[in-house]
Amino acid sequence: MDFVTLDEDEFTYGSVADVVPGVQRVVAQNPSKFTYRGTGTYIVGDRDVAVIDPGPQLDSHRDALAAALDGRTVRSILVTHCHADHSPLAAWLAAESGAPTYAYGPHAGAVDEWDIGSLPDDFGRAPEPAPDDEDGAAEPKVEESTDTEFVPDAIVRTGDVVFTLPGLEMRALHTPGHTSNHTCFSLSSGDAGRVLFTGDHVMGWSTTVVSPPDGDMGAYMDSLRLVARRDDDLAIPTHGAPITDPSRFVTQLVEHRVERERQVLDAVRRGLTTIPAMVTELYAEVRVELHRPAGASVLGHLVKLVDDGLVIAADSGRPRLDSTFAAA
Ligand SMILES: [Zn+2]
C-alpha cells in the first residue's frame, strides 16, 4: 500500500493536503508545547465527508475548513475529546452543515474528582519562550485547556458506526486515559485500508500527557494495549505525522510507560518524596518548560502506584501534586 507521508516541515497552515486516499488534513495555526505544529483536522470521504476534531476557536482555521469543505456535504462530525484544541469548532461546523456531532460524551469533570493541589510556582518555568513556538508568534496560543461547552448530539460507544459510504465504514473505539471520554475512530475502506484516528491517545511527536483527575494512567495503559492488539495499517494522530506499523509503535509506548512507572516507584523507594524532585531527576534530559506537564504525568503514575498499593501519599488521602510520597 502506498501512503503519502506528510513531511512535517513542508505543510502549509490552512491548506488542505492528502494524507492517504480519501483522507485529507488541514492544520490549524496553534502551535504550542501541547499541540506541536498545531491541530490536524481530518476530512474523510470525497463529496460526502466526516470531519474529525474540527479544532480550536481560531478564525483562520474556521475559514480554512470552510474553504476545504466548500461544495461537499458534511455527514458526521467526530470529536475525540474535549480539549480546547480539538472540539470548540464543532459547534460552528454543526450549525453550518446541519451534521450531527458524535463523541463519548461531554467532558466528564466531576467524576471521581479531587483537589490535585499544585506545583511550586517557579517549578518548570522556562527563562525564554520555547523555540518551537516561533511559527505561531502572531496567533493566540490555545493550550490544553478543557472545552466544557461541548455536548455531542450522539453518544457513541466502542463499535458504534459513526460514518458510512459505499465501501467505507468508520466506528468508535473508546480509549480513556488522556481524558476519560477520549475516543479513537477507526476507518476501514478499500482505498485507505485500516486507519485509526488516534486523537491525543497516540501521538507521533511526544508522549501523551495523562493528567489527573480526569486523566487516568491505569486506564491509559489499558487503552494503549487495546490499540497495540489491533492490526491497523496506519495510525493518524491529531498532532504530528501518521504512524506506520502502529501495533509495534504502541507496544513500545506501553513499554516506555511501564519503564517510567518502574522509575517512579524506584525513586520513591530511594527516598525522593516530592513530584518536583522526581521530575528533576527523571526528566533531566527534557526541556524545562515541559517539566510542569511531566509533573502531571508523574502524578498520574503515582495515583496508579497508590491504587496498586505500592506507594502511599503520606500527608493526604488521594495523591496531589504537592503530596509527600513514601513506599508502602
Ligand atoms: Zn488533548
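The values are calculated or read from the model by the stated rules, or taken from the named source; none is laboratory data. Since this is a predicted model, take the numbers as computed values, not measurements. Cβ: placed from backbone, ideal geometry, glycine included. Neighbour counts: every protein chain shown.
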Lone unmet requirement of (1) more than 17 Å from the chain's Cα centre (by Cα); (2) among the acidic types (D, E); (3) surrounded by fewer than 18 Cβ atoms within 10 Å (Cβ to Cβ) for D222: (1)
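Can you tell me which residues in segment 30-48 are in a strand (DSSP E or B), over 18 Å from L196 (Cβ atoms) and not hydroxyl-bearing (S, T, Y)? Before the answer, list the steps.
Of segment 30-48, the ones in a strand (DSSP E or B) are 32, 36, 40-45, 48.
Within this subset, residues satisfying the condition of being over 18 Å from L196 (Cβ atoms) are 32, 36, 48.
D48 - this is the single residue of segment 30-48 that is in a strand (DSSP E or B), over 18 Å from L196 (Cβ atoms) and not hydroxyl-bearing (S, T, Y).
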Which of the residues belonging to segment 256-293 are farther than 20 Å from I312 by Cα, touching a residue at least 24 places away in the same chain (Cβ under 8 Å) and not basic (K, R)? H256, V288, E289, L290, H291, P293
In segment 83-115, which residues are modelled with pLDDT of 90 or more and either of a type in the set (V, I, T) or assigned to a helix (DSSP H, G or I) (or both)? L89, A90, A91, W92, L93, A94, A95, E96, S97, T101
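Is it the case that D191 is within 19 Å of D18 (Cα to Cα) and among the acidic types (D, E)? If you could, list the steps in order and put the result at the bottom.
Details: within 19 Å of D18 (Cα to Cα): yes; among the acidic types (D, E): yes.
Yes: the conditions hold for D191.
Within segment 27-49, is even one residue of a type in the set (A, V, I, L, M) and either surrounded by fewer than 16 Cβ atoms within 10 Å (Cβ to Cβ) or modelled with pLDDT under 95 (or both)? Show your work before the answer.
As a first pass, look at segment 27-49 and keep what is of a type in the set (A, V, I, L, M): 27-28, 43-44, 49.
In the following step, the residues that additionally are either surrounded by fewer than 16 Cβ atoms within 10 Å (Cβ to Cβ) or modelled with pLDDT under 95 (or both) were identified as 27-28.
Checked against the condition, which is being of a type in the set (A, V, I, L, M) and either surrounded by fewer than 16 Cβ atoms within 10 Å (Cβ to Cβ) or modelled with pLDDT under 95 (or both), segment 27-49 yields at least one hit.
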Can you name every residue in segment 174-193 that is outside any loop (DSSP other than H, G, I, E, B), buried (at least 20 other Cβ atoms within 10 Å of the Cβ) and within 16 Å of the ligand (Cβ to nearest atom)? T183, C184, F185
